[in-house]
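K.L.:
One structure follows; several queries about it will come next.
The values are calculated or read from the model by the stated rules, or taken from the named source; none is laboratory data. Computed from a predicted structure; not experimentally measured. Ideal geometry is used to build each Cβ from the backbone, glycine not excepted, and the neighbour counts take in all protein chains shown.
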Amino acid sequence: MSELDDAGQLTPAAGNCGNNCADALDRLWEYLDAELGAVDAETVRAHLAECQGCLEEYDVDVVVKTLVRRGCQEAAPDGLRLKIHEQLTVMRVTRD
């Protein structure tokens, strides 16, 4: 499983792939949500096939995603959905 480094960034607890691990972990949720293009998805898939540390992180994220889906069956009220969307937009604009 990943750990936080001094800068608060995720680093794999296992695996010796260096930057490849950081890249794979950065794209993991997009990979899980099938939001990556074919080339990027294949790059992540190939990395997971070779890196035990990142594969373990992937397995944990699959469980988290399953639990969230199972526990969140009700739709959010429109006002809450709008507020969340606005905050995500603000965070994306200030981050870019």
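K.L.:
So if I check each of Arg95, Arg81, which one is at pLDDT below 90 and under 18 Å from the mean Cα position of the chain (by Cα)? If you could, list the steps in order and put the result at the bottom.
P.N.:
Numbers: Arg81 fails: under 18 Å from the mean Cα position of the chain (by Cα).
So the residue among Arg95, Arg81 that is at pLDDT below 90 and under 18 Å from the mean Cα position of the chain (by Cα) is Arg95.
K.L.:
Let me ask something else. Is it true that some residue in the range 19-35 is touching a strand residue (DSSP E or B) at 6+ places or on another chain (Cβ under 8 Å), part of a loop (DSSP other than H, G, I, E, B) and either more than 19 Å from Val63 (Cβ to Cβ) or modelled with pLDDT of 90 or more (or both)?
P.N.:
So far as the range 19-35 goes, no, none of its residues is touching a strand residue (DSSP E or B) at 6+ places or on another chain (Cβ under 8 Å), part of a loop (DSSP other than H, G, I, E, B) and either more than 19 Å from Val63 (Cβ to Cβ) or modelled with pLDDT of 90 or more (or both).
K.L.:
Cβ-Cβ distance below 9 Å, separation of 6 or more or different chains: which pairs start in the range 59-79 with a residue that is more than 25 Å from His47 (Cβ to Cβ) and end on one that is surrounded by 10 or more Cβ atoms within 10 Å (Cβ to Cβ) and charged (D, E, K, R)?
P.N.:
Correct list of pairs: Ala75/Arg81.
K.L.:
For the range 72-84, how many residues meet the condition of being exposed (fewer than 10 other Cβ atoms within 10 Å of the Cβ) and part of a helix (DSSP H, G or I)? Reasoning before the result, please.
P.N.:
Step one: filter the range 72-84 for residues exposed (fewer than 10 other Cβ atoms within 10 Å of the Cβ), giving 72-75, 77-79.
From the residues that got through so far, the ones that are part of a helix (DSSP H, G or I) too are 78-79.
Qualifying residue count for the region: 2.
K.L.:
Under 9 Å between Cβ atoms, at least 6 apart or on separate chains: pull out the pairs that start in the range 44-56 with a residue that is closer than 16 Å to Asp26 by Cβ and end on any residue that is polar (S, T, N, Q) and part of a helix (DSSP H, G or I).
P.N.:
What qualifies is His47/Asn20; Cys51/Asn20; Cys54/Asn20.
K.L.:
Kindly check whether there is at least one residue in the range 85-92 that is in contact with a helix residue (DSSP H, G or I) (Cβ under 9 Å, 6 or more places away or on another chain), part of a helix (DSSP H, G or I) and at pLDDT below 95.
P.N.:
Taking the range 85-92 and keeping what is in contact with a helix residue (DSSP H, G or I) (Cβ under 9 Å, 6 or more places away or on another chain), we get none.
So far as the range 85-92 goes, no, none of its residues is in contact with a helix residue (DSSP H, G or I) (Cβ under 9 Å, 6 or more places away or on another chain), part of a helix (DSSP H, G or I) and at pLDDT below 95.
K.L.:
Among the residues of the range 50-85, write down those that are among the polar types (S, T, N, Q) and under 14 Å from Leu32 (Cα atoms). Before the answer, list the steps.
P.N.:
Taking the range 50-85 as the starting set, the residues that turn out to be among the polar types (S, T, N, Q) are 52, 66, 73.
Hit for the range 50-85 is Thr66, nothing else.
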